[in-house]
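Shown next, in structure tokens, is the structure this report addresses.
The values are calculated or read from the model by the stated rules, or taken from the named source; none is laboratory data. These numbers come from a predicted model, not from an experiment. Ideal geometry is used to build each Cβ from the backbone, glycine not excepted, and the neighbour counts take in all protein chains shown. Ligands, DNA and RNA are excluded from the accessible area calculation, which covers all protein heavy atoms including side chains. Shrake-Rupley method; radii C 1.70, N 1.55, O 1.52, S 1.80 Å.
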Amino acid sequence: KSSVLKNRRKVIDTNHFPIAEFSSSQSTDPKRRARGEKRNKSNWNVDPDTLSDSTVIVDSVDVHLDALPTKQAAAVVVGTITEAKAYLSNDKTGVYSTFNVLIEEVLKNPGKLKVSDLVEAEREGGRVKFPSGRVHLYMVSEQDMPRLGSRYVLFLTGTNSESVFEILTGYEIREASVYPLDDLPKSRFYENTTLTNFLNDLRVNLKQP
């Protein structure tokens, strides 16, 4: 692997970011309402009258995050994204995306996770379609969103709900190699590493006290 590849900035294609309809009615599901509630009074300040087509929050990502942040992660899993959706907060100021992950391997377990479980992982941001038809992007700089149908090694942090996690970071698995989900300095070390070598390093890391 060349050092040029390691230092290259990742170009994030936002065309696969999930879309929430601004005019959609609020969910009646109590769990969804509870999760929408905690996103109220959001810094995104979602507004149909905003003039720009994107809002990007900068300097909110930990650029010093380890390439394998096993200590910070409540769970580490290998799985496929089977569903991707975006939702507005209850007061419609915020937007967040959710991803259903079909687990094929559990590398760090907070308790009850097992193979073939479907867990939900969230990430701040997404796209919002306003009544005018305009689509506005809300994203955190350096953070990509998982792609529907793709496989990942995901580092997840816990939430108050047992079955819901937040995505700390991850690696996409493509043709037996891994590629960082996010554009973080340390994670670039594993760009285009074979999945076997990556998992070997990860397992060694997980065994460290």
**Asked** In the chain, carbon and sulfur make up what percent of the accessible area (probe 1.4 Å)?
**Response** 49
**Prompt:** Across all directions of projection, what mean area in square nanometres is found for the Cα convex hull of segment 116-209?
**Reply:** 8.6
**Request:** Treating only the Cβ atoms of Lys and Arg (+1) and Asp and Glu (-1) as charged, compute the dipole magnitude of the chain about its Cα centre; round to the nearest 20 debye.
**Result:** 280
**Prompt:** How much accessible area per residue does the chain have, in Å², with a 1.4 Å probe?
**Reply:** 52
**Request:** At a Cα cut-off below 13 Å, give the aspartates and glutamates reachable from Lys31, other chains included and same-chain residues fewer than 8 away excluded.
**Result:** Glu120, Glu162
**Prompt:** Rg(Cα) of segment 24-72 divided by 2.2 N^0.38 Å?
**Reply:** 1.67
**Request:** Any chance you could list the semi-axes, whole Å, largest first, of the equivalent ellipsoid that the Cα gyration tensor gives for segment 15-98, using √(5λ)?
**Result:** 26, 19, 14
**Prompt:** In the P(r) worked out for the chain, what percent of Cα pairs fall beyond 20 Å?
**Reply:** 58
**Complete:** Note to self: C-alpha centroids of segment 60-124 and segment 156-198 sit apart, in Å, by 10
**Fill in**
For the table Lys92/Lys114; Lys10/Lys108; Lys38/Lys114, the rows whose alpha-carbon distance is greater than 32 Å are Lys92/Lys114
**Message:** As an exercise, take the mean of 1/r over every pair of distinct alpha carbons in segment 60-154, invert it, and state the Kirkwood radius in angstroms.
**Reply:** 14.9
**Fraction of alpha-carbon pairs over 12 Å apart in segment 167-209 - percent** = 60
**Request:** Rank Asn205, Ile173, Leu137 by how far each Cα sits towards the positive end of the charge dipole of the chain (+1 on Lys, Arg Cβ; -1 on Asp, Glu Cβ) and give me just the farthest.
**Result:** Asn205
**Prompt:** Any idea which of Val63, Val95, Gly79 is furthest toward the positive side of the dipole for segment 37-96, if Lys and Arg beta-carbons carry +1 and Asp and Glu beta-carbons -1?
**Reply:** Gly79
